Amino acid sequence: MCSVGRKKQKQPRDFPFPYHAEIELEITTLTNRGIGLGRVPLPRETSSLSTSPEPESSGAWVVMVPFCLPGERVRARVFRNQKNFSEADLVEVLTASPERIAPPCEFFGRCGGCQYQHFTYDGQLAWKRQQVVELLQHMADIEHPVNPVIGSPEQFGYRSKITPHFQLPRDGQSAEDLPIGFLRQGTRFDIVDVPRCLIATDAINERLHTIRPEVRAKVAAGGYKKGATLLLRDASGTVTTDYDTVVTETVGDLQLHFLARDFFQNNPFILPAFTGYVREQAAASGARHLVDAYCGSGLFALTAASAFEQVQGIEISESSVRFATENAAANDITNATFQAGDASAIFAGLTFPADDTVIIIDPPRKGCDEVFLNQLFDYGPKAVIYVSCDPATQMRDLVHFKTAGYTLTDVQPFDLFPQTRHLECVVTLRR
């Protein structure tokens with residue numbers, strides 16, 4: 001048989017542990033992905049049967065184990081050896097942390113949606129703060145106090161949007177048994193059937209209960225050509241499953257309209273405190289003008305507008321600009337205008353004097369790109385309020401702010417996503 005052009009299959013590493021080897025270790029910390037990290041001594045000699053060309057080694061080897069807590073001693077089963085660490089499944093907690101509690105969700109540990117249901121809420125908040133401290137030191141090389149994390153008023157039943165998935169039946173599977181839920185922990189395709197999500201609002205779970213048989217009936221009738229992602233969006237108590245529906249969310253005294261598919265913060269219970277803090281930090285700069293550079297449908301621009309003479313929202317999405325403009329009018333806010341900005345000239349046409357302007361930025365998870373940062377620094381606002389859903393990329397970007405002459409004055413984490421590893425962080429920078 002001809003093998004020309006056939007790619008040689010990569011052999012799995014068996015150094016330093018064979019597949020499914022069970023080891024004991026102490027968990028010393030958590031990664032920013034919420035996974036336990038411990039170290040074990042490396043053997044001085046590797047097996048003569050090893051297929052990996054690893055030299056004789058000694059020292060400590062990192063092992064990652066999910067659903068563990070710092071200070072715990074655990075038994076874990078190794079399933080993959082990477083170049084610099086191994087990954088393992090938790091088999092047994094031998095010595096439990098005093099912060100460990102019984103997770104209320106029966107799917108915790110299988111469903112990949114939550115990482116911290118086994119962690120007391122005070123423990124979650126303390127650990128999330130510590131992670132911001134470490135990221136600030138290690139990624140931005142900045143020593144600065146980090147405020148205690150402001151927790152969510154609701155630790156369960158807070159999430160106002162979920163997106164369950166399903167795949168079409170295969171291997172004789174019945175549509176009646178079709179899993180509809182979320183990815184299994186550590187996998188890319190395997191779905192755990194989740195009939196009720198404890199971090200979603202009650203209204204969403206009520207609709208989820210009725211939509212599941214509807215989807216299965218449609219699958220059985222051949223109504224789907226492939227698997228799909230469902231949308232359940234709860235806005236002010238009304239749940240929609242239509243991506244193109246215009247929904248209304250209430251934040252304090254404001255009512256904001258946007259498309260159900262559009263990005264909007266998914267914990268309405270903490271939004272008044274969250275947006276209020278951003279407003280206070282922006283106003284404390286002493287600037288008379290505010291620019292919201294990733295304004296979306298106007299959340300930060302409109303909740304802060306009363307503290308400024310003029311507000312300008314900039315957004316690449318023209319549909320979001322339209323909603324922001326309509327939201328300003330609907331809430332009788334007359335000092336805020338919005339414009340669609342080109343990515344290569346985001347501040348073009350802005351007439352506010354830079355030394356009397358504060359800018360709010362709330363970029364995507366990947367952070368700010370070089371083109372945007374260069375434009376921001378060329379404009380040179382008096383202060384910047386940087387809101388981020390990924391403190392790691394935020395701290396990476398702080399290096400550029402330091403170089404551009406900005407000083408960090410405040411770091412405030414917010415827990416918009418209890419029971420998960422996710423965290424929002426607001427930093428204030430002044431020129």
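Could you list, in sequence order, all residues of the range 402-417 that are open to solvent by 10 Å² or more (accessible area, probe 1.4 Å) and under 30 Å from residue 103 (Cβ atoms)? Result: 412, 417.
The number of residues in the range 184-215 that are under 20 Å from the mean Cα position of the chain (by Cα), assigned to a loop (DSSP other than H, G, I, E, B) and under 18 Å from residue 241 (Cβ atoms) comes to 2. Confirm whether residue 75 is basic (Lys, Arg), in a strand (DSSP E or B) and on the phi < 0 side of the Ramachandran plot. In short, yes. Among the residues of the range 216-233, those identified as among the aliphatic types (A, V, I, L, M) and assigned to a loop (DSSP other than H, G, I, E, B) are 221, 230, 231. Residue 237 passes every criterion in (1) farther than 30 Å from residue 88 by Cα; (2) modelled with pLDDT of 95 or more apart from (2).
Each row is one residue, and each column tells you yes or no for (1) at pLDDT 95 or above; (2) open to solvent by 70 Å² or more (accessible area, probe 1.4 Å); (3) touching a helix residue (DSSP H, G or I) at 6+ places or on another chain (Cβ under 8 Å).
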site: 302; (1), (2), (3): yes, no, yes
site: 310; (1), (2), (3): yes, yes, no
site: 327; (1), (2), (3): yes, no, yes
site: 332; (1), (2), (3): yes, yes, no
site: 338; (1), (2), (3): yes, no, yes
site: 341; (1), (2), (3): no, no, no
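Residues in the range 308-332 that are in a strand (DSSP E or B), within 20 Å of residue 262 (Cα to Cα) and among the β-branched types (Val, Ile, Thr): 314 alone. Looking across 124, 115, 185, one residue alone is closer than 22 Å to residue 390 by Cα, out of contact with any Gly (no Cβ under 6 Å at 6 or more places or on another chain), in contact (Cβ under 8 Å) with a residue 40 or more places away in the chain and among the polar types (S, T, N, Q). It is 124. Right, residue 420: open to solvent by less than 10 Å² (accessible area, probe 1.4 Å) and in contact with a strand residue (DSSP E or B) (Cβ under 8 Å, 6 or more places away or on another chain) or not? When the stated conditions are applied, residue 420 does not pass them. Within the range 220-245, being aliphatic (A, V, I, L, M) and free of Cβ contacts under 8 Å to residues at least 60 places away in the same chain holds for 220, 221, 239. Within the range 327-339, not a single residue is within 27 Å of the chain's Cα centre (by Cα) and free of Cβ contacts under 8 Å to residues at least 40 places away in the same chain. Figure legend. Inter-residue proximity from the range 303-322: first residues under 22 Å from residue 268 (Cα atoms), second residues of a type in the set (Asp, Glu) and open to solvent by less than 30 Å² (accessible area, probe 1.4 Å), beta-carbon distance below 6 Å, spacing 6+ or different chains. Indicated pairs: 313/292.
For the range 204-219, a tally of residues being open to solvent by 30 Å² or more (accessible area, probe 1.4 Å) and touching a residue at least 12 places away in the same chain (Cβ under 8 Å) returns 5. Considering only residues in the range 119-168 that are open to solvent by 20 Å² or more (accessible area, probe 1.4 Å) and hydroxyl-bearing (Ser, Thr, Tyr), the one that is nearest to residue 242 (Cα to Cα) turns out to be 163. Does residue 201 satisfy the condition of being among the polar types (S, T, N, Q) and open to solvent by 60 Å² or more (accessible area, probe 1.4 Å)? Criteria not met by residue 201. Within the range 384-400, being open to solvent by 10 Å² or more (accessible area, probe 1.4 Å) and not acidic (Asp, Glu) holds for 389, 391, 392, 393, 396, 399, 400.
One residue stands out among those in the range 352-374 that are open to solvent by 60 Å² or more (accessible area, probe 1.4 Å) and closer than 23 Å to residue 323 by Cα: the one that is nearest to the chain's Cα centre (by Cα), which is 365.
The values are calculated or read from the model by the stated rules, or taken from the named source; none is laboratory data. Here the structure is a predicted model, which is why all the values come from computation and not from measurement. We place every Cβ from the backbone using ideal geometry, glycine too, and count neighbours over all the protein chains shown. SASA here: full protein model, heavy atoms, side chains in, ligands and nucleic acids out. Shrake-Rupley method; radii C 1.70, N 1.55, O 1.52, S 1.80 Å.
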